[in-house]
Amino acid sequence: MTGYPPLLASIREEIAQCGGTITFCRFMELALYHPQHGYYTRGAAKLGRNGDYFTSVSVGPLFGQIIARQLALWNVSEVTEFGGHTGQLRQDVLTVLPGLTYRVIEVGDVWPERFRGCVLSNEFLDALPVHRLCGEQEVYVTDGFRERLGPRSDPRLPALPPGYRSEINLQALDWLTAVSARMEPGTYLLTFDYGLERTEYFAPHHATGHLQCYHRHKRHTDPYRHIGEQDITAHVEFTSLIEHGERLGLETVRFGDQGRYLLEVGEPIIAALVEREAGRFSHLRNQLHQLTHPALMGRAFKVLIQRKRPQ
């Protein structure tokens, strides 16, 4: 166990106040979003070559240019992005569509009363705290940062088959409920993240779960190393988002691989890029390769487009 000392002390204090254990979900919430010492909230998260991990935005401006084209095709005038962090995606989109009203909401910010146009979530849901389950029990964390199994803390948590270990993101469903309640009819919800459909998410070859940690571009599965100094994420289980969205009045417009989506929506941008950069080294062409190649971000990352139905 290693990490940022003030955060370790705060987590231990809460564990003691709670009788010796907290859920893994609460541990992850404190590690990432503690008001003073969390990985995200104190600005420890670093993107790009010199940080802990890459995102589609940190690859370069091409991702934002293609998103801008999608927004133009939808003829929306307002965008609300959740989890914009550095604001780079906002900048890339506004470079193409300078007249757009574009706000960024981070965890803990006050939300507007209504959402119009498009709500955008890019690699936001994977960083929401998840419950970890092992068979029929839930994973708890002790003051020694060791795991202990106990009863499930929320009736919505399922029982997994014996020997299975996986993550359930109830906060993503709660977020979707709250967002949907504020979306005006016709508003789009555009979600990018790495994840899987339910049958693949819980397939036997994923019986150890999907939790991943990133520290200086090294990926591992131990959330108790570098606490407060590393990113902790879990793949998004998209089937639950689709089903829950349907119950909330969100029609599913599209779900699939990020690579195919970007190639289709960005076709005129990409065609012009290829013609312009033919026969020479091109940073933009490298960005396209990184974003769309199946072995890189093209297949691992998914896009889900939902739209609020009329009342």
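Of everything in region 258-293 that's among the hydroxyl-bearing types (Ser, Thr, Tyr) and either under 21 Å from the mean Cα position of the chain (by Cα) or closer than 23 Å to Glu123 by Cα (or both), which residue is least open to solvent (accessible area, probe 1.4 Å)? Restricting to residues being among the hydroxyl-bearing types (Ser, Thr, Tyr) and either under 21 Å from the mean Cα position of the chain (by Cα) or closer than 23 Å to Glu123 by Cα (or both), the top hit is Tyr261. Taking each residue of region 122-147 that is over 19 Å from Asp193 (Cβ atoms) and open to solvent by less than 30 Å² (accessible area, probe 1.4 Å) and looking for partners that are modelled with pLDDT of 95 or more and not in a strand (DSSP E or B) with beta-carbon atoms closer than 6 Å, six or more apart or interchain, yields Leu133/Leu160; Gly135/Leu160; Glu138/Arg152; Glu138/Ser153; Val139/Phe24; Val141/Phe24; Val141/Phe27; Phe145/Tyr224.
Residues that are under 14 Å from the mean Cα position of the chain (by Cα) and open to solvent by less than 10 Å² (accessible area, probe 1.4 Å) within region 173-188 comprise just one, Leu176. For region 53-81, taking the residues that are part of a strand (DSSP E or B) and either among the acidic types (Asp, Glu) or at pLDDT 95 or above (or both), the one that is nearest to Tyr33 (Cα to Cα) is identified as Glu81. Among the residues in region 160-181, are any part of a strand (DSSP E or B), aliphatic (A, V, I, L, M) and touching a Lys or Arg at 6+ places or on another chain (Cβ under 9 Å)? Scanning region 160-181 turns up at least one residue that is part of a strand (DSSP E or B), aliphatic (A, V, I, L, M) and touching a Lys or Arg at 6+ places or on another chain (Cβ under 9 Å).
Only one residue in Thr199, Thr221, Thr208 is over 17 Å from Arg132 (Cα atoms), of a type in the set (Ser, Thr, Tyr) and either open to solvent by 50 Å² or more (accessible area, probe 1.4 Å) or modelled with pLDDT of 95 or more (or both), so which one is that? Only one candidate passes the filter, namely Thr199. If you go through region 151-172, how many residues are within 14 Å of the chain's Cα centre (by Cα) and at positive phi? Number of matching residues: 0.
Determine the pairs where a residue that is touching a residue at least 40 places away in the same chain (Cβ under 8 Å) and under 11 Å from Arg260 (Cα atoms), located within region 278-295, has a partner that is assigned to a helix (DSSP H, G or I) and open to solvent by 60 Å² or more (accessible area, probe 1.4 Å) with Cβ atoms under 9 Å apart, the partner being 6 or more residues away or on another chain. Here the result reads none, with nothing in region 278-295 linked to a residue that is assigned to a helix (DSSP H, G or I) and open to solvent by 60 Å² or more (accessible area, probe 1.4 Å). Annotation for region 3-22: at least one member residue is open to solvent by less than 30 Å² (accessible area, probe 1.4 Å) and at pLDDT below 95.
Taken together, Ile227, Ile305, Ile232, Ile242 contain a single residue that is more than 30 Å from Phe24 (Cβ to Cβ) and aliphatic (A, V, I, L, M), which is Ile305.
The values are calculated or read from the model by the stated rules, or taken from the named source; none is laboratory data. Please read these numbers as outputs of a predicted model, since none were measured by experiment. Please note: Cβ atoms are built from the backbone with ideal geometry, for glycine as well, and neighbour counts cover all protein chains shown. The accessibility values were calculated without ligands, DNA or RNA, using every heavy atom of the protein model including side chains. Shrake-Rupley method; radii C 1.70, N 1.55, O 1.52, S 1.80 Å.
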